[in-house]
Amino acid sequence: MSALAGAVAAVVALIAYLAPPVPRPQPQPGPLPDTVVPTPAPESPSPDPVTTRHARPTPTRTPTRTPSPEPSTPPPPPSPTRAVPVSATPLPPIRPGGCDEAAAALTAYRRNAGTVRSSQAAAAQQAYQDLMGAGLAAQGVVGAKIGRLAREFQELSFRLTGMILDDPNEVIADINTDAAELNRLCAPA
């Protein structure tokens, strides 16, 4: 019998836990009272002179009506709005996202490539990685062009290391064309 009582108690507790709380009535907002009037505390039914303490009266608010003040003067009229002159110097043009990083990657490749195939392959691999990072900040056509350049640098690295047995100069021609197109896309409007 106690197992059944325990099961019933668990079900009741689960229902009480899952039931939405009962909303408490909110006091109605009304006008704020203007004065505070103290009310005396209720007296104890059996006064004991040794243990009885005198309670302080608790203040309660009672509303009183006071006449509303009459406006003595009308509010001043608003001051006229003055137009702020527009600055004569235009804001500097903003390049699309990824352009600065891509330009830095291309400059680093040109500076670090050198004349030996191994240094050119290392510079191409670094340019690929830098361009992939620049592509994260780019959007739209600029992002697509940066991604294409990154793939071309990866292919150049493969050709220079001998993983692909094709002429690296073919990819270099594509890189130069796409780099010029990227410069045109990144030019400030």
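The values are calculated or read from the model by the stated rules, or taken from the named source; none is laboratory data. Since we're looking at a predicted model, the values are computed, not measured. Using ideal geometry, Cβ is built from the backbone for each residue, glycine included, and neighbour counts are taken over all protein chains shown.
What to note about this one:
One line per residue, one yes/no per condition, for (1) in contact with a helix residue (DSSP H, G or I) (Cβ under 9 Å, 6 or more places away or on another chain); (2) closer than 24 Å to Ile94 by Cα; (3) among the hydroxyl-bearing types (Ser, Thr, Tyr):
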{"residue": "Ala124", "(1), (2), (3)": "yes, no, no"}
{"residue": "Gly147", "(1), (2), (3)": "yes, yes, no"}
{"residue": "Leu156", "(1), (2), (3)": "yes, no, no"}
{"residue": "Thr161", "(1), (2), (3)": "yes, no, yes"}
{"residue": "Glu170", "(1), (2), (3)": "yes, no, no"}
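- For region 7-30, a residue qualifies if it is of a type in the set (Gly, Ala, Ser), modelled with pLDDT of 65 or more and surrounded by fewer than 10 Cβ atoms within 10 Å (Cβ to Cβ), and the qualifying residues are Ala16, Ala19.
- Those residues of region 85-119 which are at pLDDT below 80 and not polar (S, T, N, Q), in sequence order: Pro85, Val86, Ala88, Pro90, Leu91, Pro92, Pro93
- Filtering region 137-174 to residues that are among the aliphatic types (A, V, I, L, M) and surrounded by fewer than 20 Cβ atoms within 10 Å (Cβ to Cβ) leaves Ala137, Val141, Ala144, Met163, Ile164, Leu165, Ile172, Ala173.
- Every pair of residues 6+ apart whose Cβ atoms lie under 9 Å, when the first sits in region 95-113 and is farther than 13 Å from Ile146 by Cβ while the second is surrounded by fewer than 16 Cβ atoms within 10 Å (Cβ to Cβ) and of a type in the set (Gly, Ala, Ser): Asn112/Ser119; Ala113/Ser119
- Take the conditions (1) at negative phi; (2) at pLDDT 70 or above; Pro77 misses just one of them, which is (2).
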